[in-house]
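Right, one structure below, let's go through it.
The values are calculated or read from the model by the stated rules, or taken from the named source; none is laboratory data. Being a predicted model, the structure only gives us computed values, none of them experimental. All Cβ positions, even for glycine, are placed from backbone atoms using ideal geometry, and neighbour counts span all protein chains on display.
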Amino acid sequence: MVYQEIAQRVMSKLVSTHQGGGENDHLTLDTWEWPQGVAMYAMFKVWLANGDPQTLLEIKNWYAIHLQKGLPKRNINTTAPMLAMTLLYEATHDPQYEKPIEEWAQWVMDSLPRTEERGFQHITTHDENHNQLWDDTLYMTVLFLYRAGVALHQPAWCDEAKYQFLLHIKYLHCPGNGLWYHGFTFDGRHHFGGAFWARGNSWFTAGAIDFVEWLEKDDCIRRLVTATWQEHCAALVRLQDPQTGLWHTLLDQEDSYLETSASAAISYGLLKGVRLGLLPKEAQAAAERGLNGVLGQVQPDGTVDGVSYGTPMGKDLDFYRQIPLCPTAYGQGLVFLMLTEKLANR
């Protein structure tokens, strides 16, 4: 019961927060961007788990408001809210969602800028990021493309999503330690500051386990993604802070601050991996330590503290150490997501 109570406080804080909008306002739900997309995905998964009609109504109302206003210019980050819309369409078969899903997915396939080797270039609202792959992209765009392919019976979209997972593994996964670099550029062929940024890693921790769950069990790509993810999780467990159960914003740099949103997403992935039988039981203890550490950052009014602000690509490690902390929609959503998996994991 205590977990349900905390989850309700966390989500109530998000739903009730209105800060006047603006594309840089990371906590309010009044805008359509990646923080809101992460929060909507979390809310949808909660509704799937508990069937609460009020949660479903809030999700539907959010999409209705934004469809009426008109959707923003397309890029990697503004694609994030399309994932929950697609899942909502799969669950309700409401025809109002079909055209936006189809048009957006077709844009991803035909018009999204590509890197060498046809990777999804991490273009955002403000930056083109020419020829760059970022680990954020898998969560913000590739998950949507796969679900859109399933929902609208477009196997080519599903195949493209699989290819993007493999390509991002090729260039961002570090075989030396199992972690993920924040980004890679084909212009100069390097990993920028060589940062193993926690939230970037956590997009893979939380996103890959959902992706793997969707794939057929005999799919060879599922085997490779799963193996990469398992190695990744083992590395994360080794780097967990023993005192707090959280993870540092630079995973291998103990002088960087402990960060809540990444810790929540990592804990979600570990909890789910144990539940699905893809991780050893020993991972449960690390997941529980992470969960308890995250809950220590939830204030009485539901505000999640210790969340690093939106983080572009850094050219050195100090860049990540200096990202400010503030409440955000994705921080609220990832904690909510973690708590829902905890309830399913009991």
The residue from Gly207, Gly193 that alone is under 22 Å from Leu250 (Cβ atoms), touching a residue at least 12 places away in the same chain (Cβ under 8 Å) and in a helix (DSSP H, G or I) is Gly207
So, first residue within 17 Å of Met140 (Cβ to Cβ) and touching a residue at least 40 places away in the same chain (Cβ under 8 Å) in region 161-176, second residue outside any helix (DSSP H, G or I) and acidic (Asp, Glu), Cβ within less than 7 Å, six or more apart or across chains; the pairs are His168/Asp135
Taking region 135-158 and the residues there that are of a type in the set (D, E, K, R) and part of a helix (DSSP H, G or I), the one that is farthest from His191 (Cα to Cα) would be Arg147
Exactly one of Ser267, Ser263, Ser256 is buried (at least 23 other Cβ atoms within 10 Å of the Cβ), under 12 Å from Trp197 (Cα atoms) and in contact with a helix residue (DSSP H, G or I) (Cβ under 6 Å, 6 or more places away or on another chain), and that residue is Ser263
By residue number, the members of region 289-332 that are free of Cβ contacts under 8 Å to residues at least 24 places away in the same chain and either more than 16 Å from Leu251 (Cα to Cα) or in a loop (DSSP other than H, G, I, E, B) (or both) are Gln299, Gln322, Pro324
Of those in region 87-134 that are assigned to a helix (DSSP H, G or I), among the charged types (D, E, K, R) and more than 21 Å from the chain's Cα centre (by Cα), the residue surrounded by the fewest Cβ atoms within 10 Å (Cβ to Cβ) is Asp110
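Give the residue, chosen from Val38, Val46, that is modelled with pLDDT under 95, in contact with a helix residue (DSSP H, G or I) (Cβ under 6 Å, 6 or more places away or on another chain), buried (at least 20 other Cβ atoms within 10 Å of the Cβ) and within 23 Å of Glu103 (Cα to Cα).
Answer to the selection: Val38.
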